[in-house]
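For reference, the structure is listed below as structure tokens.
The values are calculated or read from the model by the stated rules, or taken from the named source; none is laboratory data. None of these values were measured; they are calculated from a predicted model. Here Cβ is always computed from backbone atoms with ideal geometry, including for glycine, and neighbour counts include all displayed protein chains. Remember, those area values only see protein heavy atoms, side chains included, never the ligands or the DNA or RNA. Shrake-Rupley method; radii C 1.70, N 1.55, O 1.52, S 1.80 Å.
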Amino acid sequence: MNELVSIVIPVYDATTSLEMLVKNIDEVFQKEAFDYEVIFVDDASPNKDTWKILEQVNSQYENVKCVQLMRNFGQH
């Protein structure tokens with residue numbers, strides 16, 4: 001039994017690279033037969049499209065989870 005690998009990705013005002021990022025991660029982990037999950041954390045992005053894209057990616061990949069924070073917590 002493989003151990004689960006969790007990848008946590010903070011997201012702030014990003015849209016163009018999210019789908020390609022998940023696709024590439026999925027390809028690598030499928031090829032290597034690892035169990036994995038990708039957890040995107042929307043850090044209260046001002047770009048409303050960010051959450052829409054995350055929801056789309058979440059619906060396409062069963063290993064993707066998304067969390068939307070109500071306010072920006074920054075790097076600290």
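Annotations for the structure displayed:
- Residue in the stretch 16-23 that is open to solvent by 80 Å² or more (accessible area, probe 1.4 Å) and β-branched (Val, Ile, Thr) present: yes
- Only listed residue being in contact with a Leu (Cβ under 8 Å, 6 or more places away or on another chain), at negative phi and either at pLDDT 90 or above or among the basic types (Lys, Arg) (or both), chosen from Glu37, Glu19, Glu62, Glu27: Glu37
- Every residue from the stretch 1-12 that is under 13 Å from the mean Cα position of the chain (by Cα) and in a loop (DSSP other than H, G, I, E, B): Tyr12
- Sub-6 Å Cβ pairs linking a first residue in the stretch 53-70 that is more than 10 Å from Glu19 (Cα to Cα) to a second residue that is of a type in the set (S, T, N, Q), at least 6 apart or interchain, are Val64/Asn58; Cys66/Asn58, ordered by first then second residue.
- When the stretch 29-47 is filtered for residues that are over 15 Å from the mean Cα position of the chain (by Cα) and either assigned to a loop (DSSP other than H, G, I, E, B) or surrounded by 11 or more Cβ atoms within 10 Å (Cβ to Cβ) (or both), the ones remaining, listed by number, are Gln30, Ala33, Phe34, Asp35, Pro46, Asn47.
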